[in-house]
Amino acid sequence: MKHYRLIAALCAALMLTAACPFVPMMQETATISAHAEETEGDYTYTVDDDGNATITKYNGEGGAVTIPSTLGGKPVTAIGDEAFKSCAGLTALVIPAGVTSIGERAFESCKALTAVTIPASVTEIAYSAFLDCKALAAVTLPPHLTEIAGFAFGGCTSLTAVVIPEGVETIGNSAFSGCTSLTDVTIPASVTDIKGDAFKGTPWLEAQREVSPYVVVNGILIDASTAEGVVVVPEGVTRIGEHSFAHISGPTNIVLPESVTSIGMSAFTYCKQLNYVNIPESVTSIGFCTFQGCESLLSVTIPEGITSIGGYMFYGCTALTEVNIPESVTEIENGAFMSCTALPSLTIPASVTEIGSGVFEGCDALTLSVYKDSAAHTYAQENEIPYVLIDGETPPVDDAPALGDVSGDGEIDAKDASDILVASTEKAVGHDPGLTADQIKAADVNKDDKFDAVDASYILVYSTMKGTGKNVTFEELTAADA
């Protein structure tokens, strides 16, 4: 079960990028080209099936560079992943018309780059394309972009202004985070999604906070890190943005308006003093890790219309005692209630047909209420989670003694070893050993389908080690002798 906790820790890792804004989160591995590389001048490139060249590596010393429009007689249409990465001598760059895409980390850590000309033909600037270009003071974004990818200009500490072109719909996570000189930002009405920490660490964001504790762009609440006490989010906000309340201790109660329709990933993560959030019926989408680490959160009512309880949504909500799940929910994802140690009961509606791994791991006080033969009923049985059936039936109680506890007194000690020796002797001379089927099962600690002096010896070793404070299992003892 350790791997469930490691997966849950990824949600916290997303937050760590706030402390290290220039360290990008992992993306999908780039596809490796099957086309042979060729070289002309300072450039290594490939040619695709359509006859278009992609620069895969710049081999020059830098300075002011104008990328050629053709290589090997083929039009250059793409700057490949990491093509100019860490080119310390590059000071200025002109990308030719005809290039349509700039790959992941294409110019990352070109720390002397002060100016770049990006043609209107470019429709994609990929993840971390200009990450940590510390000398880049200005950039004009091309007009046909639809997305500013995550970390695209993160850590560009000399960048002072940016105009997002009309038509852009998404600004990716940490796209401009750590741009410590960025004071002027223009965002068009076309932008409908701003990912977590997009402008974290910028003077522009600090100035917005001074105007209002709620920084709202096109209906998206992107930051509420200065909010305190009872927080009433203003009417008109349609989306609670990713990380917008994350890692703050001020809010105790949060009231969301009916205009809100979605709550982003990790929106309230580690909001440690938060007791209560009202989620209006208008909300139809809640991201994963939303309330992770909200250790003071007491109760949550999930609105009708939500179809999925996201992964690790309530992970580590150690004060949570009440959650209401509506019948619209069909899926509960991995680790959703992991380590909710105070949660005493939870009703799972019959509408839930999929339940992920480790959902209730560490919920030691929990008893589920489930419908007979439902997915939750099966899940509770398979994972040995206490439950009651909503139609009034209760599950059968397993009174069988634990492995090694032959006497059934709750202790594994010399008495159990003695019982095995007596019973095995009786059986050897043809007498009834005097053990029930459950006791015979408990006596067979090495799982060889018999009970004998070997099992008794394992019990004595186990008891002795436990008595000295050493944690051990029968599986470990028998495996060591295998």
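Miscellaneous remarks
- Members of the stretch 131-147 found to be touching an Asp or Glu at 6+ places or on another chain (Cβ under 7 Å) and within 15 Å of Ala106 (Cα to Cα), listed by number: Leu131, Asp132
- Residue check for Val277: among the β-branched types (Val, Ile, Thr) and either part of a loop (DSSP other than H, G, I, E, B) or more than 23 Å from the chain's Cα centre (by Cα) (or both): no
- Flag for Phe151 being at pLDDT 95 or above, on the phi > 0 side of the Ramachandran plot and among the hydrophobic types (A, V, I, L, M, F, W, C): yes
- Close Cβ contacts (under 8 Å, 6 or more residues apart or on different chains) running from residues in the stretch 285-304 that are touching a residue at least 40 places away in the same chain (Cβ under 8 Å) to residues that are surrounded by 21 or more Cβ atoms within 10 Å (Cβ to Cβ) and outside any loop (DSSP other than H, G, I, E, B) comprise Gly287/Ile263; Phe288/Cys11; Cys289/Cys11; Cys289/Leu14; Gln292/Ala8; Gln292/Cys11.
- Residue match in the stretch 395-406 (condition: crowded, with 17+ Cβ neighbours inside 10 Å, of a type outside the set (Phe, Trp, Tyr) and without any contact (Cβ under 8 Å) to a residue 24 or more places away in the chain): no
- Within the stretch 334-354, residues that are closer than 11 Å to Ile309 by Cα have Cβ atoms under 8 Å from residues that are surrounded by 19 or more Cβ atoms within 10 Å (Cβ to Cβ) and charged (D, E, K, R) in these pairs: Gly335/Glu361, counting only partners at least 6 apart in sequence or on another chain.
- Residue check for Phe268: modelled with pLDDT of 95 or more, assigned to a loop (DSSP other than H, G, I, E, B) and among the aromatic types (Phe, Trp, Tyr): yes
- Test for Asp419: is it of a type outside the set (Ser, Thr, Tyr), closer than 15 Å to Tyr462 by Cβ and over 50 Å from the mean Cα position of the chain (by Cα): yes
- Filtered residues of the stretch 193-219 (kept if over 18 Å from Phe151 (Cα atoms) and touching a Gly at 6+ places or on another chain (Cβ under 8 Å)): Val216, Gly219
- Filtering the stretch 205-220 to residues that are surrounded by fewer than 20 Cβ atoms within 10 Å (Cβ to Cβ) and touching a Leu at 6+ places or on another chain (Cβ under 7 Å) leaves only Tyr214.
- Considering the stretch 188-201, the residues that are over 16 Å from Ser262 (Cβ atoms), buried (at least 21 other Cβ atoms within 10 Å of the Cβ) and free of Cβ contacts under 8 Å to residues at least 60 places away in the same chain include one that is nearest to the chain's Cα centre (by Cα), namely Ala198.
- For Val260, the test of being crowded, with 19+ Cβ neighbours inside 10 Å, in a strand (DSSP E or B) and either touching a Gly at 6+ places or on another chain (Cβ under 8 Å) or of a type in the set (A, V, I, L, M) (or both) is failed.
The values are calculated or read from the model by the stated rules, or taken from the named source; none is laboratory data. If you're wondering where the values come from, they're calculated on a predicted model, not measured in any experiment. With ideal geometry, Cβ positions are generated from the backbone for all residues, glycine too; neighbour counts draw on all protein chains shown.
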